[in-house]
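Notes to accompany the following structure.
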């Protein structure tokens, strides 16, 4: 069943670290069945605290999503995201 990873950027602390993340994350997708559904497009917060932006990606299964997120390649690059901003990431399984 399709799974989605929803990344919400709450606040930026270090734009230079985010720039490194953005410049180096693409190779982590290789070999993983990832599809981008939303990438920092226009959005409106209807409930909850304000956010700076969101990314939504899909994978064929939760196992595929976890395999990419927990891969050594992604975790190495993600350290720049962790230093650059406060994010939330949620994996959620779609409906059949």
Of the residues in region 61-76, those that are within 16 Å of residue 21 (Cβ to Cβ), surrounded by 13 or more Cβ atoms within 10 Å (Cβ to Cβ) and under 12 Å from the mean Cα position of the chain (by Cα) come to 68, 69, 74
Kindly indicate whether any position in region 74-82 is touching a residue at least 24 places away in the same chain (Cβ under 8 Å) and assigned to a loop (DSSP other than H, G, I, E, B).
-> no
Give region 1-36 a look and list any residue that's free of Cβ contacts under 8 Å to residues at least 60 places away in the same chain, more than 15 Å from residue 78 (Cβ to Cβ) and either more than 14 Å from the chain's Cα centre (by Cα) or surrounded by 11 or more Cβ atoms within 10 Å (Cβ to Cβ) (or both), or say none.
-> 30, 31, 33, 35
For residue 81, work out the one condition from (1) surrounded by fewer than 16 Cβ atoms within 10 Å (Cβ to Cβ); (2) in contact with a helix residue (DSSP H, G or I) (Cβ under 6 Å, 6 or more places away or on another chain); (3) under 12 Å from residue 7 (Cβ atoms) it doesn't fulfil.
-> (1)
Just one of (1) touching a residue at least 24 places away in the same chain (Cβ under 8 Å); (2) surrounded by fewer than 16 Cβ atoms within 10 Å (Cβ to Cβ) trips up residue 48, so point out which.
-> (1)
Within region 84-96, considering residues that are under 11 Å from the mean Cα position of the chain (by Cα) and either free of Cβ contacts under 8 Å to residues at least 40 places away in the same chain or surrounded by 12 or more Cβ atoms within 10 Å (Cβ to Cβ) (or both), the one nearest to residue 15 (Cα to Cα) | 87
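Return the residues of region 1-44 that are part of a strand (DSSP E or B) and at positive phi; say none if nothing qualifies.
Once the filter is applied, which keeps residues that are part of a strand (DSSP E or B) and at positive phi, region 1-44 yields nothing.
Bear in mind that the values in this text are calculations on the coordinates, not laboratory data. As the structure is a computational prediction, the values presented were derived from the model and not from experiment. Cβ: placed from backbone, ideal geometry, glycine included. Neighbour counts: every protein chain shown.
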